[in-house]
Structures are given as C-alpha cells and as structure tokens.
Amino acid sequence: MTAVSNAGPLIHLAKIGRLALLRDLFGEILAPESVWIEAVERGREAGKSDAVLIGEAEWVRVVRDPTGADNVAKRAGIHQGEVCAILLARSMGVPVLLDDAGARRFAQGMGLTVIGSIGVLMRAVKDGLITTEEGLRDLARLAKVMWLSVDVYERARRAIERRSPRGAH
C-alpha cells in the first residue's frame, strides 16, 4: 500500500531513526514536490542529517504538486505542502501522513485516512515491527523533536502500552 506524506512525518521519523517504518508499513511513500523541497532540499542546505536520510530513501518517490494547491492552501489556511499531500492522497484513495492538527482536520473532513508520526509508531507496535518498549522509547524521542501536548503524549503512551502484535494474547 502506498501513502502520501507531508514533510513533518518524514522529518520527525528520520530524526528519531525510524524513517524505515514508513517503508515497512506502506511500501512506497509519495512526496509532492513542495514537500520534497521542504524536507530534503532546504534541509540539506541547512546541513540537516534527517534531510540526507530522506533523500537517500529510494522508496520515497517525488511526484508533481497537484494543480490549484496554492489556491486551496490560501482558502483553507494551511501550508501548500500539506494541501498537496492531501489532494494527492485524495486523488489516489490512499492514506495521508500529516502531523499538523489543522491539516489533519482538513484531510479528515475530506474523508481521508490520516496517520501522524505517533500513529506510525502505534501501528508499528501493533504489527510487531517494534516492541512496546521500543514504541514507548520512540514516543519519548518524538516528543523531543516535535511539539506534543502533555495530553496527546499521555494518550499515545497509553495506546502504545495497550497494543500488542497481531496474534499475541
């Protein structure tokens, strides 16, 4: 299954050393051009190691930005990269990876399946790709590279603790 990603999940998961979870969960990740520019090109210019990791991931494929995304972004009040990811995911009928709350609400309002960086960790624990302990450790690391409210962090921690690999009793 393919998914479309905005810059946030790519950057956040690369920063905690878990970018490959996206490949393991989805196979291929599509990144609109505007997302690629933000996550990779600008990151490389700034000397960010996460940008290098994302740029070297052969399973992250750059695709053209959907036409009209800039107008939608202005009307919706969210970033162009987020709109590009949302419109592309909608046109393909695949999940969209977003961390920003406003963009998530917009995508959910369009009927899309929305998964954030935390959701990737929760799915990885559920699918047995990482252990519960690794999921909790990664959640703590994620909280250091992206803003999480105490409430969101605690709900995510409890959700990870409740998850177990498929088939485990």
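The values are calculated or read from the model by the stated rules, or taken from the named source; none is laboratory data. Model, not experiment: these values are computed from the prediction. Here the Cβ is made from the backbone with ideal geometry for all residues, glycine too, and neighbour counts use every protein chain on show.
Applying the condition of being surrounded by fewer than 19 Cβ atoms within 10 Å (Cβ to Cβ) and under 16 Å from the mean Cα position of the chain (by Cα) to segment 123-143 and asking which residue is nearest to D100 (Cα to Cα) yields A143. Checking the conditions here, which among G111, G81 is of a type outside the set (A, V, I, L, M), in contact with a strand residue (DSSP E or B) (Cβ under 7 Å, 6 or more places away or on another chain) and more than 19 Å from L25 (Cβ to Cβ)? Unique residue meeting the criteria: G81. Read through the list (1) surrounded by fewer than 21 Cβ atoms within 10 Å (Cβ to Cβ); (2) in a loop (DSSP other than H, G, I, E, B), then give the number of the only condition that D99 fails. Going through the list (1) surrounded by fewer than 21 Cβ atoms within 10 Å (Cβ to Cβ); (2) in a loop (DSSP other than H, G, I, E, B), D99 breaks only (1). Within segment 110-129, the only residue that satisfies the criterion of being on the phi > 0 side of the Ramachandran plot and free of Cβ contacts under 8 Å to residues at least 24 places away in the same chain is G111.
Residues in segment 24-35 that are assigned to a helix (DSSP H, G or I) and either closer than 26 Å to A69 by Cα or touching a Lys or Arg at 6+ places or on another chain (Cβ under 7 Å) (or both): L25, F26, E33, S34, V35.
Residues checked against (1) of a type in the set (V, I, T); (2) under 15 Å from S5 (Cβ atoms); (3) part of a strand (DSSP E or B); (4) at pLDDT below 95:
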site: I37; (1), (2), (3), (4): yes, yes, no, no
site: V52; (1), (2), (3), (4): yes, no, no, no
site: N71; (1), (2), (3), (4): no, no, no, yes
site: F106; (1), (2), (3), (4): no, no, no, yes
site: G111; (1), (2), (3), (4): no, no, no, no
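If only residues of segment 53-73 that are among the aliphatic types (A, V, I, L, M) and within 17 Å of the chain's Cα centre (by Cα) are counted, the one that is surrounded by the most Cβ atoms within 10 Å (Cβ to Cβ) is I54. Within segment 138-154, residues that are among the hydroxyl-bearing types (S, T, Y) have Cβ atoms under 6 Å from residues that are assigned to a helix (DSSP H, G or I) and surrounded by 17 or more Cβ atoms within 10 Å (Cβ to Cβ) in these pairs: Y153/A143, counting only partners at least 6 apart in sequence or on another chain.
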